[in-house]
């Protein structure tokens with residue numbers, strides 16, 4: 001009986017949610033682009049959906065990390081508020097960062113809760129592709145505010161399974 005409890009706890013530790021920020025306004029500089037009203041609505045829908053899943057016991061409260069860019073911070077703040085989860089910023093999950101660096105961080109990160117990363121294309125697609133398929137070039141296309149849920153025993157290339165992919169249009 002103890003071994004099944006241990007496996008269940010380990011599966012929680014090996015759960016990552018990768019979210020692309022909501023729709024952002026065009027502009028320059030890129031890091032300062034805010035969410036559009038549509039982007040805010042997309043994120044609100046996803047936040048309510050996540051909160052409901054946590055309330056129903058379907059999902060464990062994640063530790064929330066976001067890119068320092070304005071649109072990712074706005075997205076993550078709405079998720080944080082809806083879930084009551086603290087928000088931390090990771091400087092290395094911007095659009096120009098490498099999926100391999102995030103994978104390496106995940107390998108060495110010792111958080112007992114599931115991890116939720118709020119970031120940008122192409123990083124979110126590259127990271128999902130690297131973790132699931134073994135190559136960032138096999139990345140997943142992420143609509144704005146979409147969430148990919150992955151599970152793995154180790155966050156190395158090709159070792160994860162895509163368990164669920166949800167976008168705001170599916171929640172209407």
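Quick note: the coordinates plus some simple rules give every number you see, no bench work behind them. All values reported here derive from a predicted model rather than from experimental measurement. Ideal geometry is used to build each Cβ from the backbone, glycine not excepted, and the neighbour counts take in all protein chains shown.
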Query raised in the report: Could you give the nm distance between label points at residue 161 and residue 30, where each point is 7 Å from its Cα heading toward the beta carbon?
Result: 3.5
Query raised in the report: What is the spin-label model distance, in nm, from residue 96 to residue 112 if the labels are put 7 Å beyond Cα along the C-beta direction?
Result: 3.9
Requested in this report: May I ask you to order 94-107, 62-75, 127-140 by the average number of other C-beta atoms within 10 Å around their residues, highest value first?
Outcome: 62-75, 127-140, 94-107
Query raised in the report: Over the chain, what relative contact order in percent results from Cα pairs under 8 Å that are six or more residues apart?
Result: 28
Query raised in the report: By how many nm would the segment from residue 60 to residue 41 grow when fully extended, if each residue of separation counts as 0.36 nm and the alpha-carbon distance is taken off?
Result: 4.5 nm
Query - Ranked list, fewest to most other Cβ atoms within 10 Å of each Cβ, for 28, 92 - result: 28, 92
Report summary line: Helix 123-133: inclination vs the chain longest Cα principal axis, degrees, rounded to 10, gives 30
Query raised in the report: For helix 37-55, what angle does its Cα long axis make with the longest principal axis of the chain, in degrees from 0 to 90 and rounded to 10?
Result: 20
Query raised in the report: When you take every Cα atom in the range 2-171, what is the radius of gyration, and what is Dmax, the widest Cα pair distance, in Å?
Result: 15.1, 55
Report summary line: Contact order relative to length for the range 126-172, counting C-alpha pairs under 8 Å separated by 6 or more residues, stands in percent at 35
Query raised in the report: Could you put 126, 153 in order, starting from the residue whose Cβ has the fewest other Cβ atoms within 10 Å?
Result: 153, 126
Query raised in the report: Relative to the first principal axis of the alpha-carbon coordinates of the chain, what is the inclination of helix 99-108, with its axis defined by its Cα atoms, in degrees from 0 to 90 and to the nearest 10?
Result: 40
